[in-house]
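Before any comments, here is the structure.
The values are calculated or read from the model by the stated rules, or taken from the named source; none is laboratory data. Note that the structure is a prediction, hence the values are computed from the model and not measured. For neighbour counting, all protein chains shown are included, and Cβ atoms are generated from backbone atoms with ideal geometry for every residue, glycine included.
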Amino acid sequence: MPSPGAPTIAELMDGCTRSAVHLEMRDQYGVAAEASDFQAWLETGRLDTDPASPDWAPWVGLVSRAVARGIAVRRARIVSEPVSDYIRYEHASTIVNVHAGEQVRWLPRRRASDIALPGNDFWLFDDQVIRWGYFSGNGAMVSHEVSEDPAAAKLCSEAFNAVWARAVPHDQYQIH
């Protein structure tokens, strides 16, 4: 659940002028909105990858609009190997992110050992505005916080760029 008054990702994405980058570092997310889809995928192997579906259309529209404005939208995921079921699920659905215009890369955690990383997942807009994501131990969203602290933004930018340089593009990453 977002913190009261914290701008949404959509508001921040619509307001950015150059770049929106997202670093994900967890092997399991307990996102309530996707719980039934994840469970169905575990049971059947079927997954909603229709960019026009009600679950995906808002995100696809947001990213597509940003990319059309010239915004570079990049997402990097640091993952343990062998990957969790959740990461398998996430990998299988990433085709929709790519369809929307996101560039997505994957970095095995063992290759991130010498990268200085922030303690939490984040979005960074225009290398200045951070939207931290805080999760519980089981991966449930706890809250968000927005910061424009220059030192934290520099850490996030450098961490993301280091991960990005080592990470494998989505279409080349093989699940282990």
Expected single match for of a type in the set (A, V, I, L, M), under 28 Å from D37 (Cβ atoms) and modelled with pLDDT of 95 or more among V129, V96 is V96
Lone qualifier among A66, A52, A33 - being small (G, A, S), more than 17 Å from the chain's Cα centre (by Cα) and on the phi < 0 side of the Ramachandran plot: A52
Consider only pairs whose beta carbons are under 7 Å apart and that are at least six residues apart or on different chains; among these, list those whose first residue lies in region 162-176 and is within 15 Å of S113 (Cβ to Cβ) and whose second residue is surrounded by 14 or more Cβ atoms within 10 Å (Cβ to Cβ) and among the basic types (K, R). R166/R111; A167/R105
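Looking at V79, V142, can you tell me which residue is under 22 Å from E34 (Cβ atoms), surrounded by 19 or more Cβ atoms within 10 Å (Cβ to Cβ) and either at pLDDT below 95 or of a type in the set (V, I, T) (or both)? Break it down stepwise before answering.
On the way: V142 fails: surrounded by 19 or more Cβ atoms within 10 Å (Cβ to Cβ).
From the options V79, V142, the qualifying one is V79.
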Number of the exception - G30 against (1) in a loop (DSSP other than H, G, I, E, B); (2) at pLDDT 95 or above: (2)
Looking at region 57-81, which of its residues are within 13 Å of G101 (Cβ to Cβ) and of a type outside the set (V, I, T)? W59, G61, L62, S64, R65, A66, A68, R69, G70, A72, R74, R75
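Conditions (1) within 27 Å of T17 (Cα to Cα); (2) modelled with pLDDT under 95, marked per residue:
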| residue | (1), (2) |
| --- | --- |
| A112 | no, no |
| P118 | yes, no |
| Y134 | yes, no |
| N138 | no, yes |
| D149 | yes, no |
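For region 121-139, which positions are free of Cβ contacts under 8 Å to residues at least 24 places away in the same chain and either buried (at least 17 other Cβ atoms within 10 Å of the Cβ) or within 23 Å of R166 (Cβ to Cβ) (or both)?
Those that are free of Cβ contacts under 8 Å to residues at least 24 places away in the same chain and either buried (at least 17 other Cβ atoms within 10 Å of the Cβ) or within 23 Å of R166 (Cβ to Cβ) (or both): W132, G133.
The rows are residues; the columns are (1) surrounded by fewer than 16 Cβ atoms within 10 Å (Cβ to Cβ); (2) in contact with a Leu (Cβ under 8 Å, 6 or more places away or on another chain); (3) under 25 Å from P118 (Cβ atoms).
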position	(1), (2), (3)
G5	yes, no, yes
E11	yes, no, yes
V31	yes, no, yes
D48	yes, no, no
P51	no, no, no
R65	yes, no, no
I87	no, no, yes
H99	yes, no, no
